[in-house]
Structure formats: structure tokens, C-alpha cells
1. Could you estimate the translational diffusion coefficient of the range 162-306 from the Stokes-Einstein equation, with Rh from the Kirkwood formula over C-alpha pairs, at 10 °C and 1.306 mPa s, in whole µm²/s?
2. Using the per-residue mean of other Cβ atoms lying within 10 Å as a proxy for protection, in what order, highest first, do the peptides 1-7, 229-235 fall?
3. From the square roots a ≥ b ≥ c of the eigenvalues of the alpha-carbon gyration tensor of the range 136-243, which class results: rounded (a/c under 1.5), prolate (a/b over b/c), or oblate?
4. Kindly provide the pair-distance distribution of the range 45-296 built from C-alpha pairs, with 10 Å bins from 0 and whole-percent values in order of increasing distance.
């Protein structure tokens, strides 16, 4: 049934739908009924709508039985020049011979010129997995904050987790800044992540810090920072050591970079693995100096080979805990095999490391000649690359 009224005040419409269906053979096999009501009022200054829906279903097929109920309620009040208010709720319940299945979702929106708020909450329930999700956006220009939370429970412990995160966006001072935080918790590890982005006409910065604590594997600390004059990135494992990358220089002539590390036995001492330094040699030349630590590959592979038993033990414990024994054994054998192959290759080529050094020298000489001949094309490209790295 539908009715529509149009007058000087606007448009008014209502509709109602009722449906019923049954399939029976000796006994009820499938049954459904639907009841829907929709009302809308619209004018030049306001739109208001209300929806109510309810439905029931029933099925008996072979050994499968289910009896469900679905409900939807929604209200929308929209004034194009001033506000938007909305409230929607969805609830689905479908118990069956396989277990309980249900979905619940609620969304609330309240937006005006002075303040904006949006909230969404959801829950999914099944015999194997239950999850809750909540998201909220709230703020008043120029500052907005986003919160997101999610968690899950399950008879399978590996699927359980908890996540709590937030992002704050600030559009003040002729620029934009974003600060994000997230904490992820799992039975085998926890992660604490912080992310900061700041961009103005005079300065741009990006920082990413991540701390991973894992009783099952190892603790890891990640640091990444970008500024207009350089990039730095580090990864630290307290039980193993430290590996870092540094890149500095506003122009190609000032470019200095290095890959370095610190051993767990001497954490206060930097050991350079590979360095590149650029400088002006003459008016039309660039001097590029590259230094490679020839002992690095063998030292790193030897250290990895020493830790293979501990790594294999971690994977075995993890697989036993989560019933993944077959795949763990395959992974363990692959790690041991390829590590030994890489270590043997490095040892077999050790007498010829001087040839690698000569190769680097010849490469540098050719690079200097190429830079001298193509400077007019190379310099704009390098400046463009530097600008891209600073902005991103």
C-alpha cells in the first residue's frame, strides 16, 4: 500500500509492504514473512525519512534447521543548509543446527556547521569466530579525531586479537599534521605503533616507530624518519643486533649515505657495511666514493647460522601451540638448507674478494666519466628525486 501527498508544503509519501510465503510438503519446509514501513517527508528546507523493516524466516531441509529474525530501523533528518542527523540499527539473528549466527550494526551521525560526529558499532557472532568493531569520527574544524577499536574471540586461539587505534588530524597553521597511534595485542605478540606526519610550506617530516614484543619469537624495534635533509631507518633486535640506514644531503653534491650495524656483543660501536659519499671534485665533476666492508656477508651469515637452532625452536613451539606441525617442519628444513648454502657460497668466494674491490673501483671510474658527460640531464633528475623523497 502506497500513498503520496503533494502540496505547497512539500511531498509526503508512505508505503507499507506485507509479504508471506510458505513451501510445504508433508511438513513446513520453507516459510518467510516480511513487514516493511517507509515514510518520507520532503521540502526545500528539510528531508525526513523513517524506515522500519522486520522479517522472519524458517527452513527445514534434510538435517538442516534454521529459524531467523531480521530487523532494520532507520531515521534520517537532513537540512541541506544546516545539519544531518541519522540513526540506523540492523539486527540479524539466524540460529540453526550449525550454531548461532548473528550480526548487529548501529550507526549514528550528527553533523552540523559547528561540530561533526559519526559513530559506527558492529558485532558478528558465529560458532567459530566472534568480532566487535567500533569506529568514531569526531571534531570541529580544524581538528578531527578518529578512533577505531576491534577485537575478536574464538575457540581457535590463533584468531584472537585486540586492536585499539586513534588518529588526530590538525589542519591549522597553513599546513597539515597527522598523529596516529595503534596498539595490537595477540597471544603471540604485541605491537605499539606511532606515526607522525607534518607538512607545511617550510618543513615536512615523517616519523614511524614500531615496537614489537613477542615471547614466542623475538622483540623488534623499528624506527623510520624522513626530513627535507635526509632519511634514517633502523631495525633493532636486542638478542641479535642492530641494522641502520642513513641518507643525508639537501643536494646531490652533499649526499652522504651509509648502511651500518651494531653487534649484540658491542652495542655501543657502529660498524659500517657500505658507505657512499659525494662531493664536488672540480667545477664540472662530482666525486663519488663508495666503501664496502668485505667481511660483512660472512659475518652476517655466520651469525645467522649460529642462531638457526634457536629460530627453528621458536617455529616448532609456535607450530605445536597452533597445531601446524607439518608446515613448521617444512619451513624449518628450508631455513636450515638455504642458510647453509648461502654461507658456503660466501666462504668459497672469500679468496676472490679483491676482485670485487676492483670491480667497485672500475664502476666508480665509469660513473665519474658518465656524470661528466651527462651532468646537464642528471642534475635536474637528482633534484627531482630529492624533492620527491622529502615530500613523501
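1. It comes out at roughly 88 µm²/s.
2. 229-235, 1-7
3. oblate
4. 6, 17, 21, 20, 16, 11, 7, 2, 0
Each reported figure results from applying straightforward, stated rules to the coordinates on display, with no laboratory input. These numbers come from a predicted model, not from an experiment. Every residue, glycine among them, receives a Cβ derived from its backbone with ideal geometry; neighbour counts consider all protein chains shown.
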